[in-house]
Amino acid sequence: MPEEQHPPHGDRKKPSLPEDALPELTEADATRMLSLAISGPLRPVDDLIERLSRPDGAKWLSRVLSAGPTAAFGAAREQIADGKASLEQLRAIKQTSKSLLQNSKDPQSRLTAMVSYFFPVAAALTHYDESICSRPREELETVLLDLAAVTDEPWSSMFSTAALSGEDAQG
């Protein structure tokens with residue numbers, strides 16, 4: 001039986017797909033794919049990051065901050081971003097949000113609870129250099145930097161500062 005001959009490696013025809021066989025890859029799709037490749041499986045906070053990335057993300061965030069657990073302490077910008085909330089108030093907002101997150105039944109409730117959780121966590125690190133959550137520092141730093149990348153000022157600076165705050169902050 002004669003041995004089958006194959007052309008040298010470089011001479012093989014490579015299968016190709018028609019140009020219209022694949023969907024158009026947007027910048028947001030590419031960014032999401034790259035972040036998945038780098039960070040691994042989706043985290044719950046990735047839904048929040050995706051929501052904040054939408055064109056209406058800043059307006060949506062403003063509505064959430066004015067109606068969620070943060071609203072009980074006054075204007076979110078003054079209380080959270082500008083550092084007027086006490087550490088105890090930030091802890092209270094975070095705890096309320098944690099309970100809301102555990103009991104949320106729909107995606108919008110989960111997103112609202114995550115906003116009200118991560119914003120006071122970042123504020124505590126930024127204004128008091130103290131962690132008020134038990135997440136590992138490296139994990140928290142990654143989440144805060146991701147949130148900084150998808151929020152406008154003053155939130156972006158707050159998240160960046162929090163992510164870069166003292167490495168020894170534990171809570």
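The values are calculated or read from the model by the stated rules, or taken from the named source; none is laboratory data. None of the values given here were measured: they were computed from a predicted structure. Every residue, glycine among them, receives a Cβ derived from its backbone with ideal geometry; neighbour counts consider all protein chains shown.
Looking only at region 94-133, filter to residues that are of a type in the set (A, V, I, L, M) and in contact with a Ser or Thr (Cβ under 6 Å, 6 or more places away or on another chain); which one of those is farthest from L48 (Cα to Cα)?
Let us first name the residues in region 94-133 that are of a type in the set (A, V, I, L, M), namely 100-101, 111, 113-115, 121-125, 132.
Among the residues that remain, those that are also in contact with a Ser or Thr (Cβ under 6 Å, 6 or more places away or on another chain) are: 113, 125.
Values: A113: 10, L125: 20 Å.
Per the stated criteria, the residue is L125.
Go through region 68-88 and count every residue that is β-branched (V, I, T) and at pLDDT 85 or above. Walk me through how you get there before you give the answer.
First, the residues of region 68-88 that are β-branched (V, I, T): 70, 80.
Cutting the leftovers down to at pLDDT 85 or above gives us 80.
Here the count works out to 1.
Among the listed residues S109, S116, which satisfies the condition of being surrounded by fewer than 17 Cβ atoms within 10 Å (Cβ to Cβ) and not acidic (D, E)?
Working: S116 fails: surrounded by fewer than 17 Cβ atoms within 10 Å (Cβ to Cβ).
Every option except S109 fails the conditions.
Could you check how many residues of region 94-134 are within 14 Å of the chain's Cα centre (by Cα) and of a type in the set (K, R)?
1
Looking at region 109-131 only, could you name the residues that are under 14 Å from I80 (Cα atoms) and of a type in the set (A, V, I, L, M)?
Selection gives V115, V121, A122, A123, A124, L125.
Using beta carbons and a limit of 6 Å, which pairs, at least six apart or on different chains, have the first residue in region 84-112 and under 13 Å from G68 (Cα atoms) and in contact (Cβ under 8 Å) with a residue 12 or more places away in the chain and the second one among the basic types (K, R) and surrounded by 14 or more Cβ atoms within 10 Å (Cβ to Cβ)?
L111/R51
Please determine, by comparing only the residues of region 136-157 that are under 14 Å from the mean Cα position of the chain (by Cα) and not in a helix (DSSP H, G or I), which one is surrounded by the most Cβ atoms within 10 Å (Cβ to Cβ).
Among those that are under 14 Å from the mean Cα position of the chain (by Cα) and not in a helix (DSSP H, G or I), it is T151.
Is it true that L140 is without any contact (Cβ under 8 Å) to a residue 60 or more places away in the chain and within 21 Å of E50 (Cβ to Cβ)? Please lay out each step first, then the result.
On the way: without any contact (Cβ under 8 Å) to a residue 60 or more places away in the chain: yes; within 21 Å of E50 (Cβ to Cβ): yes.
So L140 passes the test.
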